[in-house]
Amino acid sequence: MEKKTISLKEASFAQAINISAQWCKEWAEELLSEEVLADRIAELIKTKNGLRGFFAYALSDKECFLLDKLPFALIFKLNESGDPVVEIIIKNLIMSSAQIIIHRRENNAEYEMKSKNIADRCKCILRILETKSVTKTVNRIIKDLDNMGNSFDNSTKYDSEQKDFIKKQIFDIAQ
């Protein structure tokens with residue numbers, strides 16, 4: 001039987017998540033060096049699906065500690081990838097921050113902690129990425145916060161409590 005390989009440039013969102021999970025597992029088991037992993041991730045995140053898939057997995061999976069440890073080689077590659085990386089991390093910070101408020105209202109401590117973990121990972125990454133890019137993107141998004149929302153198409157806007165908490169989380173990046 002012939003082994004089928006997936007081109008990173010053609011990987012779907014779901015495939016990018018699975019690829020990221022496999023690489024992070026191999027890195028955690030010390031089967032991949034930080035440099036090799038960083039090079040692979042840099043190739044994967046060149047596409048929209050790869051970028052979304054990698055961060056969907058790495059930010060949300062509690063067993064993946066890559067973004068908690070942030071190896072220098074990965075930081076370098078994320079900075080090299082520029083604005084798209086900053087943009088997706090800030091959007092994840094905003095979404096997870098809004099979800100923290102929703103989970104609090106619903107008294108769902110487990111999901112609140114999951115959203116808080118994602119927000120904390122986002123803030124840690126943003127603190128070490130290129131400052132000008134982070135500042136420029138944060139300022140643009142804060143100006144547009146009233147037009148953003150909880151739904152995929154932004155039809156359900158963030159309420160005032162969520163917006164206040166999102167701003168607090170964003171300003172916390174500077175800490």
Per-bin percent of Cα-Cα distances, the chain [5 Å]: 1, 8, 16, 20, 20, 15, 10, 5, 2, 1, 0, 0
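Counting each DSSP H run of 4 or more residues in the chain as -39500 (n - 2.57), what helix-only mean residue ellipticity at 222 nm follows after dividing by all residues, to the nearest 500 deg cm²/dmol?
Working: 9 runs with 122 residues, N = 175.
Calculated at 222 nm, the ellipticity per residue is -22500 deg cm²/dmol.
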Among Ala98, Ala38, Leu51 the positive-end extreme of the charge dipole of the chain (Cβ point charges): Ala98
Dipole axis of the chain (+1 Lys, Arg; -1 Asp, Glu on Cβ), positive-most option in Ile118, Ser20, Pro84: Pro84
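If you take the square roots of the eigenvalues of the alpha-carbon gyration tensor of the range 82-175 and sort them as a ≥ b ≥ c, do you get rounded (a/c under 1.5), prolate (a/b over b/c) or oblate?
Details: a/c = 1.98, a/b = 1.35, b/c = 1.46.
Note, shape of the range 82-175 comes out oblate.
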Likely footprinting exposure, Tyr158, Tyr111, fewest C-beta neighbours within 10 Å first: Tyr111, Tyr158
Net lengthening on full extension, Asp153/Glu80 (0.36 nm per residue, minus Cα-Cα): 23.3 nm
Between helix 13-28 and the chain: long-axis angle, C-alpha atoms, 0 to 90°, nearest 10: 70
Cβ-derived FRET efficiency at R0 22 Å, Asp172 paired with Asn107, nearest 0.05: 0.40
Inter-part distance where the range 14-60 and the range 79-138 are each reduced to a Cα centre, Å: 18
For Val85, Val134, order by how many other beta-carbon atoms lie within 10 Å, fewest first: Val134, Val85
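Between their Cα atoms, which of Lys69/Lys91; Lys46/Lys116; Lys25/Lys157; Lys77/Lys157; Lys9/Lys163 are more than 29 Å away from each other? Walk me through the numbers on the way to the answer.
On the way: Lys69/Lys91 21 Å; Lys46/Lys116 27 Å; Lys25/Lys157 37 Å; Lys77/Lys157 34 Å; Lys9/Lys163 36 Å.
In this structure, Lys25/Lys157; Lys77/Lys157; Lys9/Lys163 lie more than 29 Å apart at Cα.
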On Cα atoms only, tilt of 131-143 relative to the major axis of the chain in degrees: 40
With Cα atoms, 0 to 90° folded angle of helix 160-171 axis to the chain main axis: 50
Simple Cβ-charge dipole of the range 40-154, Lys/Arg +1 and Asp/Glu -1, about Cα centre, in debye nearest 20: 220
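Could you put Arg104, Arg52 in order, starting from the residue whose Cβ has the fewest other Cβ atoms within 10 Å?
Arg104, Arg52
None of the figures in this text is laboratory data; all of them are computed from the coordinates on show. Just so it is clear, the structure is predicted and the values come from calculations on it, not from any experiment. Positions of Cβ are backbone-derived with ideal geometry, glycine not excepted, and every protein chain shown enters the neighbour counts.
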